[in-house]
Amino acid sequence: MEGKKKIGPGRLASFNFLKSGWKAGCLFLLFLLSYQLSLPPALAQEFDPQAVALNLWKKLSSITSLEANFSQYYYSTQVEEPVSGQGRVFIRRPDRMRWEYSSPEKQIFLIKGQALWLYFPDDKQLLKKEAETEWQTTEILGLLSGNFNLLDRYEISASSFPSRQKNVYQIKLTPKEPGQYSYLLLEIDRKTYLILKAILFEPTGSKLEYHFGQFKLDRKLSDELFELKVPADCEIIEGN
């Protein structure tokens, strides 16, 4: 048989081991298999992190619109329990974005061109400011908008972290220029190249974490979605 022709001392030793103690051999193989299955997603298969970052940017910069559910958690070094929020985000490239928070309280975060609004319906309060640099200076907005090449802005490397997701890439983004965050961790779906999780680490040790799901791409998002209708008695605060 062809297998016998290729057998060598190393393979023969392995064969004798399995032959003389098949139970131990099977347990050893099961151990190796379970170890492989338990590896973090990013380490289970080697990949090029820079290519993943490039494909992520290409994906986000090629679509016309994006919708997704999100959960947001802020872990402060000063507080034991994280501050959380949930809702849905709508993006229409190149310069429209709407975050609708359903909890812990209703609020709308809206960017339209160079204008930014933060509206609290229950308090009848609207904050307005210029948003000329928001797409570039706010990390999560810049990532989702696809308006800049990640390779130009970050040093990219593979970096595994705990996750229940399968078939994902995990990469670390370290800003080339000092900013609000020391580094970011991204979990990216291997098939769609969409961000499932983003963790942003502050120099103080605090972190901001986003989870995304139920994506809808390239749907027509109306102009009305990116408008705000506020009551006549709404307090409007303008400034920086």
Here is a list of conditions, (1) over 24 Å from G239 (Cβ atoms); (2) charged (D, E, K, R); (3) surrounded by 15 or more Cβ atoms within 10 Å (Cβ to Cβ), and K128 meets all of them except one; can you say which number that is? (1)
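Identify, from the list L110, L66, L116, the residue that is open to solvent by less than 60 Å² (accessible area, probe 1.4 Å), in a strand (DSSP E or B) and under 21 Å from Y181 (Cβ atoms). Outline the logic, then answer.
On the way: L110 fails: under 21 Å from Y181 (Cβ atoms); L66 fails: under 21 Å from Y181 (Cβ atoms).
Among L110, L66, L116, only L116 is open to solvent by less than 60 Å² (accessible area, probe 1.4 Å), in a strand (DSSP E or B) and under 21 Å from Y181 (Cβ atoms).
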Going by the conditions given, is L225 assigned to a strand (DSSP E or B) and in contact with a Phe, Trp or Tyr (Cβ under 7 Å, 6 or more places away or on another chain)? no
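Residue-wise test of (1) of a type in the set (D, E, K, R); (2) over 13 Å from the mean Cα position of the chain (by Cα); (3) modelled with pLDDT of 95 or more.
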{"site": "T174", "(1), (2), (3)": "no, yes, yes"}
{"site": "I188", "(1), (2), (3)": "no, no, yes"}
{"site": "I199", "(1), (2), (3)": "no, no, yes"}
{"site": "D218", "(1), (2), (3)": "yes, yes, yes"}
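Would you pick out the residues in segment 189-230 that are within 18 Å of T174 (Cα to Cα) and open to solvent by 60 Å² or more (accessible area, probe 1.4 Å)?
P203, T204
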Which condition number does Y181 fail, the rest of (1) surrounded by fewer than 16 Cβ atoms within 10 Å (Cβ to Cβ); (2) closer than 25 Å to E80 by Cα being met? (1)
Being closer than 15 Å to H211 by Cα, of a type outside the set (D, E, K, R) and surrounded by fewer than 17 Cβ atoms within 10 Å (Cβ to Cβ) is the filter here; which residues of segment 147-176 pass it? F161, P162, S163, Q165
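The values are calculated or read from the model by the stated rules, or taken from the named source; none is laboratory data. Nothing here was measured: the structure is a model prediction, and the numbers come from that model. Note that we place each Cβ from the backbone using ideal geometry, even for glycine, and neighbour counts take in every protein chain shown. All accessible areas refer to the heavy atoms of the entire protein, side chains included, with ligands and DNA or RNA removed. Shrake-Rupley method; radii C 1.70, N 1.55, O 1.52, S 1.80 Å.
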